[in-house]
Amino acid sequence: RCSVSTGPCFWGYRFWTHSQASPHRWMRQALPTAAAVADLFPPPPDLASKAHVTSQDEYERMYRQSIEDPDAFWGDQASSYHWETPWSTPIVDYNFDVRKGPVQITWFPGARTNLCYNAVDRHVLAGDGDKVAFLWEGNDPGVSSAMTYRQVQEQVCRLANWMKSVGVGKGDDVTIYMPMTPELPIAMLACARIGAVHSVVFAGFSAASLSSRMLDSSAKLVVTSSGVRRGPKVLNLKQIVDEAIALCAAKGHDVGTVLVEDHQTALNRSDVPFTPSRDVWWHDALAPQPAECPVLWLDSEEPSFKLYTSGSTGTPKAVQHSIGGYMVGSGATFKYVFDYRPGDVYWCTADCGWITGHSYVTYGPMFNGATQVLFEGVPTYPDAGRMWEIVDKYNVSLFYTAPTAIRALMAKGDEQVKKYSRQSLRLLGTVGEPINPEAWRWYHEVIGDSRCPIVDTYWQTETGAHVLAPLPGATALKPGSATFPFFGVQPVVLDDNGNELEGPATGVLAMKAPWPSIMRTVSGNQQRFEETYFSLFKGYYFSGDGCRRDEDGYMWITGRVDDVINNSGHRIGTAEVESALITHPAVAEAAVVPVPHDIKGQGIYAFVTLMQEHAYPPEEALKKELIATVRSTIGPIATPDNIHWAPGLPKTRSGKIMRRILRKIASLEESQLGDVSTLADPSVVETLLSTRGV
Ligand code: PRX
């Protein structure tokens, strides 16, 4: 058994400068320069004085306790929740080192609890049943509704009872493919109540992507919706589900039951394909069910949910999360990073199809009994003022979105923002990708009227909750930096050989011990879990991101160091797009790389080599066909931004594609191509450079 390290934390020098200095630690020698001071945004004093954590000193003291005495620190955090059976100590047990045996992580050993009980029942029992849980805002202005915690409880119970009646129980997989309506978190919570494992698939993925996820998790039940409206578009989700089920059937997997929410503002019932022997309307299923359903108490380490995410190789992985650790981690980060207080109205614009919608829509806020806005639509419909209209309508105080949305709205100008008051806002957050300082400043000055701190939260599907983030009452902000680790997180900057770097340094980001909400395995594939996250740097969890730590200890994420593209905050594996492209009969080979993109952060740039019979450049129509192929194989989120016809690709003599060179060609960084003389055929680089943009 390993215990959490009690050594100095990675930016220990900040502590040591005002506690006992460690002689072998790097220490800050010089005062910050004038330029650095100008870039610091200290916490607003009125917010800081009332915050959960009121100063950097207090943060550092709490952080130190979270590492040195996890039993006390996390025991205290966990005491906010109901545990049917308490945990034993030590509160954490783990092995991160593959050389010593299988990677394993246990938090709250022996404890039993239930996520749904803690997100819903606990508040109703405490007398907060009439508090609004969801303020739902539909795609079209004027379409909205509200739901209290008690109403959520009733719906969850009816659904859980119905699920049991169709044979779904503990450990069974349920696929959820729904738009952002209250029924989506309700479906997740109903699974949690009875120990079923939900797998939410973003309702923008294609039938092929949905079916591969359903097959991988052998889903017996799919919960879906008739359709969704996003901006001016209507999507017939049930039709996509039917196609996915047919694809599963062709591979021998039978999906027994489909529950269909009748989303009438999106689609008429008559437009929805329906197979009575298999499909059930949500309302018909729930109406006869009892409004009470006992909670199933589950072991802290049993699986709560799986969520598929892209990596550098192979098909998307099913990241599996825990119960006790996930609850305490998502709940504590919500409380501290957003400085949540009763009375706040919180709005996270993420969809529950992504981890952000799991931890910061369904779970974290509800563990804290928050009132939150759920929005079905898109930021620019009917116009670019929609977000701020909603902020004013519901007096939103905590607002959380992605840099890509900020950049898209920034490009539309300030007028649509200034039309609305936004006076209710007291905190802004970002997630999903590095935020460029220009967008940060616009968010701060124009959206937040220079009044609201911005919490830049760095985390991943795998981390379950924020791992680097400022605390708004404590941390002086630097635009573009996710600042410092959350409690319990021990980040290190490693060089290529896996050595921990001290002081200001650039390298890759890894963690040397588990925090409560870290993923527990890749569902059904422990080997892939260990190979992906624990093999390259032995003894560490490897994030896949590059990072820089500056002279003040602030962390700056520099982006993925593997073959993953961060496109509008969505993770897209280059290998997935390549596999999709080569399914087209005209394509012989494809290589996909990221390219800087003003709005999306990174665009998807595809080099495509055609079968011999095709001439270059081919007809324009082929480009459209290839784009359609990717959209139908993965989904519109993976649409390539560029297709570059490539009669040849730069390869080593052993046939390996030199992606480094392709990245430079795509990004128009010709001067940084480096040595191309080792290529099997250096002339292909010339050809590609001369055809860029053709
Ligand atoms: O590259 C990092 C980037 O998003 C990746 C995780 O993607 P995903 O699992 O889809 O989760 C997104 C929402 C948590 C990371 O490996 N990323 C996420 N947040 C930030 C970020 N990059 C820089 N700054 C962030 N705040």
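All of the numbers you see were taken from the coordinates with simple rules; none came from a lab. From a predicted model like this one, the values you see are computed outputs, not experimental measurements. Cβ placement follows ideal geometry from the backbone for every residue including glycine, while neighbour counts extend to all protein chains displayed.
Converting phi to 3J(HN,Hα) with the Karplus coefficients 6.51, -1.76 and 1.60 and the offset θ = phi - 60°, segment 559-575 yields x, 5, 9, 10, 8, 10, 9, 9, 9, 6, x, 9, 7, 10, x, 4, 4 Hz in sequence order, with x at every glycine or proline. With Cα atoms defining each centre, segment 327-366 and segment 449-468 are spaced 11 Å apart in the structure. Computed from phi, the 3J(HN,Hα) profile of segment 193-204 under the Karplus parametrisation 6.51, -1.76, 1.60 (θ = phi - 60°) reads 5, 10, x, 6, 9, 7, 10, 8, 10, 3, 7, x Hz, with x in place of Gly and Pro.
Across the alpha-carbon atoms of segment 150-205, the computed radius of gyration and Dmax are 10.8, 32 angstrom.
When peptides 548-558, 596-606 are ranked by their average number of other Cβ atoms within 10 Å per residue, the highest-first order is 596-606, 548-558.
With a Förster radius of 51 Å applied to the C-beta separation of S165 and L40, the computed FRET efficiency comes to 0.30. Distance from the C-alpha centroid of segment 474-551 to that of segment 643-694: 32 Å, rounded to the whole angstrom. Which FRET efficiency value, to the nearest 0.05, is calculated for R278 and S424 with the Förster distance at 45 angstrom and r the Cβ-Cβ distance? The computed FRET efficiency comes out at 0.45. Taking segment 499-537 and a reference point 7 angstrom along Cα→Cβ of K100, the backbone N atoms nearer than 14 Å belong to 512-514.
Structure note, pairs K131/K238; K170/K306; K251/K623; K170/K317; K393/K600: Cα-Cα distances above 24 angstrom occur for K131/K238; K251/K623; K393/K600.
Mean residue ellipticity, 222 nm, helices only, the chain: the sum of -39500 (n - 2.57) across DSSP H runs of n ≥ 4, divided by residue count and rounded to 500, is -7500 deg cm²/dmol.
Mark the label point 7 Å from the Cα of K538 along Cα→Cβ and return the residues of segment 467-496 whose backbone N is within less than 20 Å of it. Only 492-496 fall inside the zone, counting backbone N under 20 Å. For a paramagnetic label modelled on E613 (point 7 Å from Cα along Cα→Cβ), amide N atoms under 14 Å away belong, within segment 570-599, to 585-588. Across segment 447-453, computed HN-Hα scalar couplings (Karplus, 6.51 cos²θ - 1.76 cosθ + 1.60, θ = phi - 60°) run 6, x, 6, 6, 9, 9, x Hz from first to last residue, x flagging Gly and Pro. The overall shape of segment 88-190, judged from the alpha-carbon gyration tensor, is prolate: a/c is not under 1.5, and a/b is greater than b/c. The Rg/Rh ratio of segment 353-509, with Rg taken over Cα atoms and Rh as the Kirkwood radius over Cα pairs, comes to 0.99. Using only alpha carbons, the chain has a radius of gyration to Kirkwood radius ratio (Rg to Rh) of 0.95.
The largest-to-smallest principal axis extents of the Cα set in segment 137-275 are 45, 33, 23 Å. With the simple spin-label model, which puts each label point 7 Å out from Cα in the Cβ direction, the N236 to D495 separation comes to 6.0 nm.
In plain terms, the C-alpha convex hull of segment 602-683 casts an average shadow of 6.5 nm² when viewed from every direction. If R0 is taken as 25 Å, the Cβ-Cβ distance between S270 and L215 corresponds to a FRET efficiency of 0.25.
Maximal additional length on extending the E68-N436 stretch stands at 129.0 nm, based on 0.36 nm per residue less the C-alpha distance. In segment 350-421, the ratio of gyration radius to Kirkwood radius, Rg to Rh, stands at 0.98 when only Cα atoms are counted.
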